[in-house]
Amino acid sequence: HGLQRSLIQRGARKGDLISRMVMDVGLRLDPFPAYEELRGRGPISANDLISASVDHAVCNEVLRSDAFGTAGGQGELPRPLQWLHHKVIDPDALGPVDPPSMLAVDPPLHTRYRKQVARAFTARKVGRMGDRVTDVAGHLLDELAGVEDFDLIERYASQLPVTVIADLLGVPEQDRDRLLALGNEAAVTLDPGLSWRQFRRAEDALREMHTWFRGHVERISANPGDDLISQLTLLEGEDRLDPVELHQVGLLVLAAGFETTVNLIGNAVAMLDGHPDQLRWLQENPDGWGNAVDEVLRHQSPVQLTLRIALRETEVAGKRFLPGHGILLYLGGANRDPAVFTDPGAFDVTRPNADQHLAFSAGVHFCLGASLARLETAVALRTLYERHPGLHVAGRPERRETRVLRGFERLPVRTTARV
Ligand code: HEM
């Protein structure tokens, strides 16, 4: 807390933009002006702790470079950066990436983990899931038949991804709502600057989630089915994952599967609500949904930032990095880089190069679930607006507490046409 306070004070005193961007929880409502301020200072900015970038070329280069690694892979981080991983508060805390998950380790270990799960998420395998996803979306809307007002996040945007990923991982139906609640409480641990209360709540949720998952793996090991966890328990030889590895790989896929797509679906509905002409165009041109999903990913990136650490001395955009120096990569800012996207602040579902965004990251950690997330969201939106062509936001949306994840906690909608 002392360190946080000194960063806030430094931010206020010296006008240190990076400290402010990291610390100011208010920025979660609208981080975009701060991104433009940072952009105005050049491709990479730095204070004495860390660098930061909203430059598309820089983010892309760093994410693809083997001179940079993820923060979990390097053992001891410099102390100020540990704070970014909330470990200064409690060094023994479990986090979403503890024990180091696929997302937090570097090759060659990363390659070993990723290979095992990647097989389940190839574009071909995901393509075959289209009918099932359409059924799930239709079923969720059947359950809402006759309900005029509901919270889109609670009843639809969160339910669709959790059902799909739970099916894939063999999670029993009765456990799904509890997992959703736990995931929601735990998600704030992605952010720096947690209050003690937030931290304790998130930690309790994480512990419960870990305990649940351990039991899930035990149940499945005793009685394997055709889900991904069963496949992982049946690996043999050098591919075999030890119980800790299996735990973290499996839990990451589960959490990533239901914590991110919900934000994309919610952000899409909110954006289309503000652009009814574009919604009408999509209703007349349903082939456009795929590109519309990419435009929402670009304009309202559900994962706004990630972190990389230099593994050795290297140079990017003329700036020298020493080993251990970190760089905050604002994906949500890179996705509004005018060097790549014309009129980047404008939302345009027909934008020809919308898919050049970095919302799914790039390089070895490129989102494993990208095809699934795109499919789920396109199906969710098409089905929703087919069933309720006049659906609109009716009431005050509430943003989630997190800054790394950009999405809504509550998005009240009404199914009848706007009057
Ligand atoms: C990694 C975004 C949905 C599974 C990532 C990363 C991003 C991301 C930015 C990389 C972070 C970094 O490089 O530091 C998103 C977004 C999603 C989404 C915006 C939805 C809109 C999903 C889904 C799954 C998934 C549905 C389910 C399978 C993963 C996994 C990784 C990952 C396993 C780690 C990959 C690795 O480290 O090699 N995701 N994701 N994601 N995502 Fe997603």
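Does the stretch 363-381 hold any residues that are surrounded by 20 or more Cβ atoms within 10 Å (Cβ to Cβ) and either away from the ligand (no atom under 14 Å from the Cβ) or not in a helix (DSSP H, G or I) (or both), and which are they?
368, 369
Got a sec? Which of 348, 355 is in a helix (DSSP H, G or I) and either without any contact (Cβ under 8 Å) to a residue 12 or more places away in the chain or within 30 Å of residue 159 (Cβ to Cβ) (or both)? Steps first, answer last, please.
Details: 348 fails: in a helix (DSSP H, G or I).
None of the others qualify; the one that does is 355.
Which ones in the stretch 277-314 are small (Gly, Ala, Ser) and either farther than 24 Å from residue 408 by Cα or more than 16 Å from the ligand (Cβ to nearest atom) (or both)? Can you show your working first?
So the first thing to find is which residues in the stretch 277-314 are small (Gly, Ala, Ser), and the list is 288, 290, 292, 301, 310.
Once the filter is applied, which keeps residues that are small (Gly, Ala, Ser) and either farther than 24 Å from residue 408 by Cα or more than 16 Å from the ligand (Cβ to nearest atom) (or both), the stretch 277-314 yields 288, 310.
What is the residue count in the stretch 342-362 for residues that are among the hydrophobic types (A, V, I, L, M, F, W, C), within 29 Å of residue 50 (Cα to Cα) and surrounded by fewer than 23 Cβ atoms within 10 Å (Cβ to Cβ)?
Restricting attention to the stretch 342-362, the residues satisfying the condition of being among the hydrophobic types (A, V, I, L, M, F, W, C) are 346-347, 349, 354, 358-360, 362.
Those still in the list that are within 29 Å of residue 50 (Cα to Cα) too: 358-360, 362.
Right, trim to surrounded by fewer than 23 Cβ atoms within 10 Å (Cβ to Cβ) and you get 360, 362.
The qualifying residues number 2.
What are the pairs, 6+ residues apart or on separate chains, where a residue within the stretch 124-149 that is touching a residue at least 40 places away in the same chain (Cβ under 8 Å) and under 16 Å from residue 374 (Cβ atoms) has its Cβ under 8 Å from a residue that is surrounded by 11 or more Cβ atoms within 10 Å (Cβ to Cβ) and polar (S, T, N, Q)?
Here the result reads 126/371; 127/371; 134/383; 137/383, each pair linking the stretch 124-149 to a residue that is surrounded by 11 or more Cβ atoms within 10 Å (Cβ to Cβ) and polar (S, T, N, Q).
Taking residue 383 and the conditions (1) hydroxyl-bearing (Ser, Thr, Tyr); (2) more than 17 Å from residue 262 (Cβ to Cβ); (3) more than 16 Å from the chain's Cα centre (by Cα), which numbered condition does it fall short on, given that it satisfies the others?
Here residue 383 clears every test but (2).
For the stretch 386-411, what are the residues that are more than 22 Å from the chain's Cα centre (by Cα) and under 17 Å from residue 265 (Cβ atoms)?
Residues of the stretch 386-411 that are more than 22 Å from the chain's Cα centre (by Cα), as a first pass: 386-396.
Across the stretch 386-411, the qualifying residues are 386, 387, 388, 391, 392, 393.
Of the conditions (1) of a type outside the set (Ser, Thr, Tyr); (2) at pLDDT below 95; (3) surrounded by 22 or more Cβ atoms within 10 Å (Cβ to Cβ), residue 137 satisfies every one except a single condition; which number is it?
(2)
Do you know which residues across the stretch 153-166 are within 23 Å of residue 370 (Cβ to Cβ) and either among the hydrophobic types (A, V, I, L, M, F, W, C) or surrounded by fewer than 17 Cβ atoms within 10 Å (Cβ to Cβ) (or both)?
Within the stretch 153-166, the subset within 23 Å of residue 370 (Cβ to Cβ) is 153, 156-166.
Scanning the stretch 153-166 gives 153, 157, 160, 162, 164, 165, 166.
Write out, first by first residue and then by second, each pair whose Cβ atoms fall under 8 Å of each other, whose residues are 6+ apart or on separate chains, and whose first residue, in the stretch 366-382, is under 23 Å from residue 119 (Cβ atoms) while the second is aromatic (Phe, Trp, Tyr) and modelled with pLDDT under 95.
368/121; 369/121; 371/121; 372/121
Of all helices (runs of 4 or more DSSP H) completely enclosed by the stretch 105-201, which ones contain at least 3 residues that are out of contact with any Asp or Glu (no Cβ under 8 Å at 6 or more places or on another chain) and more than 16 Å from the ligand (Cβ to nearest atom)?
Working: elements: 109-118, 123-127, 130-143, 159-169, 176-186.
Result: 130-143, 176-186.
If you go through the stretch 223-232 one residue at a time, do you hit one that is under 17 Å from residue 253 (Cα atoms), of a type outside the set (Val, Ile, Thr) and not in a helix (DSSP H, G or I)?
Within the stretch 223-232, the subset under 17 Å from residue 253 (Cα atoms) is 226-232.
Next, from what is left, pick out any that are of a type outside the set (Val, Ile, Thr): 226-228, 230-232.
Those still in the list that are not in a helix (DSSP H, G or I) too: 226-227.
Scanning the stretch 223-232, I find at least one residue that is under 17 Å from residue 253 (Cα atoms), of a type outside the set (Val, Ile, Thr) and not in a helix (DSSP H, G or I), so the answer is yes.
Residue-by-condition table, conditions (1) in contact with a Phe, Trp or Tyr (Cβ under 8 Å, 6 or more places away or on another chain); (2) modelled with pLDDT under 90; (3) closer than 24 Å to residue 365 by Cα:
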{"position": "171", "(1), (2), (3)": "no, no, no"}
{"position": "181", "(1), (2), (3)": "no, yes, no"}
{"position": "191", "(1), (2), (3)": "no, yes, yes"}
{"position": "202", "(1), (2), (3)": "no, yes, no"}
{"position": "205", "(1), (2), (3)": "no, yes, no"}
{"position": "226", "(1), (2), (3)": "no, yes, no"}
{"position": "235", "(1), (2), (3)": "no, yes, yes"}
{"position": "239", "(1), (2), (3)": "no, yes, yes"}
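Does residue 249 fit the bill of being within 16 Å of the ligand (Cβ to nearest atom), under 30 Å from residue 390 (Cβ atoms) and under 23 Å from the mean Cα position of the chain (by Cα)?
Numbers: within 16 Å of the ligand (Cβ to nearest atom): yes; under 30 Å from residue 390 (Cβ atoms): no; under 23 Å from the mean Cα position of the chain (by Cα): yes.
Criteria not met by residue 249.
When the stretch 264-317 is examined, which residues are found to be of a type outside the set (D, E, K, R), in a loop (DSSP other than H, G, I, E, B) and touching a residue at least 12 places away in the same chain (Cβ under 8 Å)?
Within the stretch 264-317, the subset of a type outside the set (D, E, K, R) is 264-272, 274-276, 278-279, 281-283, 285-286, 288-293, 296-297, 299-307, 309-311, 314, 316-317.
Restricting the remaining residues to those that are in a loop (DSSP other than H, G, I, E, B) gives 275, 285, 300-302, 304, 311, 317.
Residues satisfying the conditions are 275, 300, 301, 302, 304, 311, 317.
Restricting the search to the stretch 21-49, which residues are buried (at least 16 other Cβ atoms within 10 Å of the Cβ), in a helix (DSSP H, G or I) and more than 22 Å from the chain's Cα centre (by Cα)?
38, 39
Considering only the stretch 233-246, state which residues are more than 16 Å from the ligand (Cβ to nearest atom) and in a helix (DSSP H, G or I).
Looking only at the stretch 233-246, we keep the residues that are more than 16 Å from the ligand (Cβ to nearest atom), and these are 233-240, 242-244.
Hits for the stretch 233-246 are 233, 237, 238, 239, 243, 244.
Of the residues 81, 17, 3, 63, which is at pLDDT below 85 and crowded, with 17+ Cβ neighbours inside 10 Å?
Working: 17 fails: at pLDDT below 85; 3 fails: crowded, with 17+ Cβ neighbours inside 10 Å; 63 fails: at pLDDT below 85.
Going through 81, 17, 3, 63 in turn, the sole match is 81.
Considering every residue within the stretch 341-360, establish whether at least one is more than 11 Å from the ligand (Cβ to nearest atom), under 26 Å from residue 107 (Cα atoms) and not acidic (Asp, Glu).
The first filter runs over the stretch 341-360 and keeps only residues more than 11 Å from the ligand (Cβ to nearest atom), leaving 341-356.
Still in the list and also under 26 Å from residue 107 (Cα atoms): 356.
Narrowing further to those that are not acidic (Asp, Glu): 356.
Yes.
(1) free of Cβ contacts under 8 Å to residues at least 40 places away in the same chain; (2) surrounded by 13 or more Cβ atoms within 10 Å (Cβ to Cβ); (3) of a type in the set (A, V, I, L, M, F, W, C): which one isn't true of residue 241, the others all being true?
Exception for residue 241: condition (1).
The values are calculated or read from the model by the stated rules, or taken from the named source; none is laboratory data. Note that the structure is a prediction, hence the values are computed from the model and not measured. Backbone-built Cβ (ideal geometry, glycine too); neighbour counts: all protein chains shown.
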